[in-house]
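J.: Following this message is one structure expressed as structure tokens.
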């Protein structure tokens, strides 16, 4: 009888940040999707928008911790190792995800700054990144919305790839990042 090698896992901090970021993304996307259910200028709509801004900026703050954790801790290898093309494609998806986690919140901050609006963050008001410039804010808003749409696809692809590896390929891609040991 052979015993399978133990799965090498990400460090606890990386696992916690990964799943926390997922929850934050769910909150960011949910808040922006439901805001149109409320009348413009209503208190609930303004609360939902402020939630979107705050959670987005929280993603920006936590991505710094994610990058630090990734730099300080080696990525555990996938067993069995995937083909090179899959590893490269996964690397590209991760770059897109990190670009989304960094670029989208900065774009949102620029939009609010350019509109001359307050930048809410957990009861604080952050300083604007730029002075009022509604034309620039409008251009950045279009990019921000496009990035959000691309984000749906990239996040979905990331999740589908993890499930494909877990259920079809039957490697330890997903088990390495699960919050519980399997």
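The values are calculated or read from the model by the stated rules, or taken from the named source; none is laboratory data. Bear in mind the structure is a predicted one, so any value in this text is a computation, not a measurement. Positions of Cβ are generated from backbone atoms using ideal geometry, with glycine treated the same way; all protein chains shown enter the neighbour counts.
J.: Mind telling me which of the residues 168, 177 ends up being assigned to a loop (DSSP other than H, G, I, E, B), modelled with pLDDT of 95 or more and out of contact with any strand residue (DSSP E or B) (no Cβ under 7 Å at 6 or more places or on another chain)?
T.: On the way: 168 fails: assigned to a loop (DSSP other than H, G, I, E, B).
Testing whether each residue is assigned to a loop (DSSP other than H, G, I, E, B), modelled with pLDDT of 95 or more and out of contact with any strand residue (DSSP E or B) (no Cβ under 7 Å at 6 or more places or on another chain) leaves just 177.
J.: Checking the condition surrounded by 14 or more Cβ atoms within 10 Å (Cβ to Cβ), farther than 30 Å from residue 135 by Cβ, in contact with a helix residue (DSSP H, G or I) (Cβ under 7 Å, 6 or more places away or on another chain) and touching a residue at least 12 places away in the same chain (Cβ under 8 Å), which residue from 35, 66 passes?
T.: 66
J.: Residue 77 fails exactly one of the following numbered conditions: (1) surrounded by fewer than 14 Cβ atoms within 10 Å (Cβ to Cβ); (2) in contact (Cβ under 8 Å) with a residue 40 or more places away in the chain; (3) part of a helix (DSSP H, G or I). What is the number of that condition?
T.: If we test residue 77 against (1) surrounded by fewer than 14 Cβ atoms within 10 Å (Cβ to Cβ); (2) in contact (Cβ under 8 Å) with a residue 40 or more places away in the chain; (3) part of a helix (DSSP H, G or I), just (3) comes out false.
J.: Would you please name the residue that is surrounded by the fewest Cβ atoms within 10 Å (Cβ to Cβ), looking only at residues in the stretch 80-90 that are in a loop (DSSP other than H, G, I, E, B) and in contact (Cβ under 8 Å) with a residue 12 or more places away in the chain?
T.: In the first step, residues of the stretch 80-90 are kept if they are in a loop (DSSP other than H, G, I, E, B); the result is 80-83.
So of that shortlist, the ones also in contact (Cβ under 8 Å) with a residue 12 or more places away in the chain come out as 80, 82.
Numbers: 80: 9, 82: 17.
Across the stretch 80-90, the extreme among qualifying residues is 80.
J.: Report yes if residue 57 is closer than 25 Å to residue 121 by Cβ, in contact (Cβ under 8 Å) with a residue 40 or more places away in the chain and within 15 Å of the chain's Cα centre (by Cα), otherwise no. Write out each step before concluding.
T.: Working: closer than 25 Å to residue 121 by Cβ: yes; in contact (Cβ under 8 Å) with a residue 40 or more places away in the chain: yes; within 15 Å of the chain's Cα centre (by Cα): yes.
In short, yes.
J.: Can you name every residue in the stretch 100-157 that is part of a loop (DSSP other than H, G, I, E, B) and within 20 Å of residue 21 (Cβ to Cβ)? Steps first, answer last, please.
T.: The first filter runs over the stretch 100-157 and keeps only residues part of a loop (DSSP other than H, G, I, E, B), leaving 116-118, 122-123, 127-133.
Matches in the stretch 100-157: 122 only.
J.: If you don't mind, there's one more thing I want to ask. Within the stretch 136-171, how many residues turn out to be in contact with a helix residue (DSSP H, G or I) (Cβ under 8 Å, 6 or more places away or on another chain) and over 23 Å from residue 57 (Cβ atoms)?
T.: The total comes to 3.
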